[in-house]
Each structure stands twice: as structure tokens, then as C-alpha cells.
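Accompanying notes for the structure given below.
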């Protein structure tokens, strides 16, 4: 029986365990250069709006190929990161149970994280700042999504902090480039605003630029210094993205496919490299998504990636469900993530102590 894409991913994770951090490793917050590259494709299946915020045009980028310049639509990294975080939080909430609740109380009692109720109730979400100077106020600052995808720790998040500390994301993204010319990939549609809760439409009309169905966007992310379980959680969240962009409830149907994986001590390719290879072959013409995926895997295979998807199958047969079960997520909370959070707090306390010592030394010097 042929090996499934999910089985290939599991085999890759096992064969490349030297490129993952151990959950109980000291100084987890310091990088050791262990990287997992992930080549991915996002296929438009609805009429997505891949803009940042508000009404406006989809991002357009010029790419030089051979003797031509081809303008293509693009999905910016912040859109991918925000969607990845929401999917990861969804999985963490789905697996949350009484056992996890008991673990989380330790984050409050021992590590002094504040956004936890006394009974262990937890939530984390993306909330835009309301006033100047505010951070993302919905983030808890300690859950696996925050520790993997980045957060800001303030005194409201952890009582050990007297100032703000930025925790960088351990998942980094390239721009996802479209593989079809902008003018062939985009359609402008006029919309009518509909009054909420009423059966009539307003008179206000506006125009939006949508991506047509079948356009493939080629992207890449890299996971830095993650544990094997953390990598599984990232891949599970990534592969479960089925809607994206503005107005995603109406227009944003997409399919996200993990094309290939590679472990190493540095990043070796970019989404630009993959997109350029595809554009050189098809000249920005709209071709069947299966052909684009075939060409993309041809390229990454030549760069020593482990190809994950099955060749020759239709895109509707390429769905991959990468499950992380409740037991594994519980282990992330109590082992991988707890030890990482403990390291973060230890270095905050160290920084606070050094700052206090310098302040006292300066005060003594002034008095002299």
C-alpha cells in the first residue's frame, strides 16, 4: 500500500530528530540553528481578498524571469502568520480539558503569568490595540501559540516584568507569490453593502479585487529551534487553513498543501526561487493547479527536500489531515512549552536584576 502524505511527514520528523530541540533542554530561548524548511502551496478555491486591511487592491509584485517581467499577486507574511496563529489557538482550545487546566495553574503559581483565572481557565486571542502604546491585549503571553509564534510580555502578562519584552516568532515566513499574471489572476467585482438585520440593500457600492479560483500561491516558512511536538502542531495548524483573506466567510475558500520538508542548519531556498522557476515554465499563464504543484515539487526535489504530496492526483484528493492528539498537546503544555516559558521568566528576572543593579550603582555614583 502506498505511503500517505501524513505518513511521509511522520517519517520525516522521526528521521530528522537531530534537528529538533529537546523539550527539557536548558536555555531553550537561545538559538542553536536547527531549522525545518516547509514548502507550501495555497490554492484559491473561492474569490479570496488577499489584501492587508480595508478596501483596496491586492498586493502586486514584479518578478523578472529570463527576458520578461511578470507582475503577480501576493499574500503578505503577516496574513499567513495571523491565520496560522488562529488555527493553532483553535487546536489548543479544542484539546483543552481538566488535565490541561491543572497544568496551566502551574504557569500562574510558579511562573507568575497573570492572564489565568484561579481555577486554571485560559484563553488567548488576537485583539488589536485600542489606544496608542497598547500591545496585542488579547494574547496570554505563555501558551504554545505565543511561545512559538511570538508575543510581547508586559507587567500585565507576567508580574516579574517591569517593562515590555518581545518574544520573537520561531516560525518565519516568505511572501507567498502567485504563479499567474496579475491581470489573469484578478477580477474586480462591484459589491453592494447590505444593511445588517434587514432585508434591503443600501445604496453604497464599492469595488474589490478578488483572486479567481485555481490560482496557486507558492510560499515557504521555516521553523527555528522547535521541538518535534511543536513542529507537529505548526504543520497541523498550517494544513488546516481552509479560509483566508478579507471577507473570508464569503469569499476566502482556499486549500493549503504542504509540498515538502527539509531539515538543516540554514535556509536553502525561498518562495521567490520556487515561484520564479514556475513562472519561467508557464510564463504566468493560468494552468491547472496540478501542473503547478508538479513543477513546484520537481524544483524542491532537486534541492533535497522530502516531497510530501502524491504526484498525479487531483487537488481535491490532496487533502492532508495532520492530527496532533490531546495527549501530545497535553505534553506540549506540561513539558515543551512549560520549560520554554520557565526559561523566558528566568531571563526576564535576570534582566530585571541587572537593570536594578545598574540603577543602584548609578544612584550611588550620583550621591558621591
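Is one or more of the residues making up the stretch 30-37 modelled with pLDDT under 95, closer than 19 Å to residue 149 by Cα, surrounded by fewer than 19 Cβ atoms within 10 Å (Cβ to Cβ) and touching a helix residue (DSSP H, G or I) at 6+ places or on another chain (Cβ under 9 Å)? Yes: one or more hits. The one condition from (1) more than 22 Å from residue 182 (Cα to Cα); (2) at pLDDT 90 or above that residue 202 does not meet is (2).
Restricting the first member to the stretch 88-117 and to residues that are at positive phi and in a loop (DSSP other than H, G, I, E, B), and the second to residues that are surrounded by fewer than 17 Cβ atoms within 10 Å (Cβ to Cβ) and modelled with pLDDT of 90 or more, the beta-carbon pairs closer than 9 Å and six or more apart or on different chains are 112/159. The single condition from (1) farther than 28 Å from residue 70 by Cα; (2) touching a strand residue (DSSP E or B) at 6+ places or on another chain (Cβ under 7 Å); (3) surrounded by fewer than 21 Cβ atoms within 10 Å (Cβ to Cβ) that residue 262 fails is (3). Residue 286 satisfies every condition listed in (1) modelled with pLDDT under 95; (2) part of a loop (DSSP other than H, G, I, E, B) except (1).
The values are calculated or read from the model by the stated rules, or taken from the named source; none is laboratory data. Quantities reported herein were computed from a predicted structural model and do not represent experimental measurements. Quick reminder, even Gly has a Cβ in these numbers, built from the backbone with ideal geometry, and neighbours come from all protein chains shown.
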